[in-house]
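Here is the structure we will look at, set down as structure tokens.
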Amino acid sequence: MTTWQTHASASASRGIKDKDVSWLRAGPAVDPKAFSVLRRRAMLEGCKWDPQVGDISTLCSFPLMMRRNVWERLAFQAECLSAEAAVAEEEISRRPDLLGELGLPRTLRRVLADGQPLTPAAGGVVRFDFHYTLDGWRISEANSDVAGGFTEASYFTSLMAEHFPGLRPAGDPAAAWSGALASKAGAGGTVALLSAPGFMEDHQVIAFLAAKLRGCGCRAYLAKPEQIVWRDGVAHFNTAWHCGPLNAIVKFYQAEWLARLPSKYEWKYFFRGGKTPVASPALAVISESKRFPLLWDELSAKLPTWRALLPETRDPRDAPWTTEEGWLLKTALCNTGDTVSIREFMKPADWLKTRLAARLFPQQWLAQRRFHSEPVMTPLGPRHVCLGIYTVNGKAAGAYARLSEKPVIDFTATDVALLLEDNE
């Protein structure tokens, strides 16, 4: 074990409380003309099709700079989180009574509990969202089932690094994942990449990954679940432009959305009984559920890193969120922060609707203690930082960094490149 691994392991129980924020700072902005070229390349070459929302650019013209030793500690903790989650997911999958506590659709719970062999995994990717707080680094969630941000974390970050020769990206998660997928699919293998129609941010991710897979020698096609036909557990692509068996599938399509499809599409094979490898793994939806912590005390797995880094989480019926300001609410299958509910940041009518939903359907909600995010000074003013650290097959592979004026990181956050600098 290296020195930084020893330090990181020891730091897990205290959340790394040393002043790492002094080693995370904003760099200078790229020249406007040069950044305009960079932005255009991100759009045309890197599939970043939404570089602006209204009058606001979604891409920062300056990077975040982090000391290498801080990154190494966070990367190690992400690997610990990934390993612990895999053990817990396997244990929970054998306990139908626990599956019922995750807030998953009933049809999906039945498939996960039916006892058939798990569909083989084509490559597991998880993104853990880290935040720097007054008490050290904390995580808000794990994106285990569908983790976005690859275009920004890989291509946009590599373009920014060209303007800072003394710095380097923390990794290339798109290359790591596409490499793992290509290895599973085999030389010249055929891969289908699924996303839901109408969600451009998802479509741009799979378009980018498809290009990376083609660069690895695979035949990659964008698809939707209705175009997959299962024959004796083997997936076949059935379209006008290609028909035939698939060597692997990228399921960039939320598990709970698949569970809403008619049974005639045989979506169950994405999880159990299938023979064609699927990414992400079938059981990833277990740690994707924000109610995952409610099961920890029922497990033999100890999950020390999760317990150290994730704020206290309770069933909304067992938390004083109506009387104490130190709690937030979110749904079990919250995506992009869309249901994170903090009273002081909401309109009274919206808070009332949230309260009503949490009381009527508590099994689909959770209450979590709030952490106090410590902002970083940037050319735009103080901004709260979220570092989404990827693991691919359990190994840290890079980061998707975002900035926000408010502590809640949601769809309004701005994408920023994370670059590493040498320790002093």
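Derivation of every value follows stated rules applied to the coordinates shown; laboratory data play no part. The structure displayed is predicted, hence computed values, not measured ones. Neighbour counts run over all protein chains shown; Cβ positions are idealised from the backbone, glycine included.
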Inset, instruction - Determine the equivalent ellipsoid of the range 312-369 by diagonalising the alpha-carbon gyration tensor, then write out the semi-axes as square roots of 5 times the eigenvalues, largest first, rounded to whole Å. - result: 14, 13, 12
Inset, instruction - Tell me, rounded to the nearest percent, the portion of alpha carbon pairs in the range 26-126 spaced more than 23 Å apart. - result: 59 percent
Inset, instruction - Please list the equivalent ellipsoid semi-axes of the chain, computed as the square roots of five times the alpha-carbon gyration tensor eigenvalues, in descending order and whole angstrom. - result: 31, 28, 21
Inset, instruction - Take Trp177, Trp365 and order them by how many other Cβ atoms sit within 10 Å, fewest up front. - result: Trp365, Trp177
Legend entry - Residue order, fewest to most beta carbons within 10 Å, for Val229, Val392: Val229, Val392
Legend entry - Farthest toward positive dipole pole in the chain [+1 Lys/Arg, -1 Asp/Glu at C-beta], among Leu309, His203, Gly189: Gly189
Inset, instruction - For the range 291-424, report the convex hull volume of the alpha-carbon atoms normalised per residue, in Å³, without decimals. - result: 157 Å³
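Report the net charge of residues surrounding Ala113, where surrounding means a beta-carbon distance below 11 angstrom and charges are Lys +1, Arg +1, Asp -1, Glu -1.
+4
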Inset, instruction - Report the local net charge at Thr323: Lys and Arg +1, Asp and Glu -1, summed over other residues whose C-beta lies under 15 Å from its C-beta. - result: +3
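Once the other residues with Cβ under 12 Å from the Cβ of Met200 are scored (Lys, Arg +1; Asp, Glu -1), what is the net sum?
-2
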Inset, instruction - Post the alpha-carbon centroid distance, the range 51-83 to the range 324-353, in whole angstrom. - result: 24 Å
Legend entry - Surface/4 of the Cα convex hull for the range 119-252, nm²: 10.5 nm²
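For Val250, Val376, what's the fewest-to-most ordering of other Cβ within 10 Å of each Cβ?
Val376, Val250
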